[in-house]
Amino acid sequence: MDSRTDANLKSRRALLYGGLVGALALGVAPAAQARVGTITAINDQAKSFMCDWQGKSWTYGTTDKTAFWLGKSKGSWADLKMGAVVQVSYHLVHGQRVADAVRIQANK
């Protein structure tokens, strides 16, 4: 095999490897999204809640990694209340919204 063919193969391998790594990174770490809405339902057993905005209801699951904030202070699941305004940062897992962070608007 001549040096030009060897260099061409190395270049193709590098391109293929880079594309594969990029595709895997996109599949593993989808972009997070954020919404602001009003809590309309809370399911303590499933650790999920529903929010309304723009005339639609959206359900969010939580995990042990979900961060809760009450205003500027660290909060918890117990701080979620019906009618509270929240900002939810989330990602999708198999088409389901999973909250990464929930910022609960503090009462004025």
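Table: residues versus (1) in a strand (DSSP E or B); (2) aromatic (Phe, Trp, Tyr).
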| position | (1), (2) |
| --- | --- |
| Thr40 | yes, no |
| Phe49 | yes, yes |
| Tyr60 | yes, yes |
| Gly83 | no, no |
| Ser89 | yes, no |
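Taking segment 34-62 as the search range and keeping residues that are surrounded by fewer than 15 Cβ atoms within 10 Å (Cβ to Cβ) and closer than 13 Å to Ser89 by Cβ, which one is modelled with the lowest pLDDT?
Result: Ala34.
Please go through segment 56-108 and pick out each residue that is under 19 Å from the mean Cα position of the chain (by Cα) and on the phi > 0 side of the Ramachandran plot.
Result: His94, Gly95.
Under 6 Å between Cβ atoms, which residue pairs at least 6 apart in sequence (or on different chains) link something in segment 81-99 that is assigned by TED's automatic domain parsing to the domain that holds Phe49 and touching a residue at least 24 places away in the same chain (Cβ under 8 Å) with a partner that is in a loop (DSSP other than H, G, I, E, B) and surrounded by 15 or more Cβ atoms within 10 Å (Cβ to Cβ)?
Matching pairs, first to second residue: Ala99/Thr62; Ala99/Thr66.
The values are calculated or read from the model by the stated rules, or taken from the named source; none is laboratory data. Because the structure is a prediction, the values reported are computed rather than measured. Please note: Cβ atoms are built from the backbone with ideal geometry, for glycine as well, and neighbour counts cover all protein chains shown.
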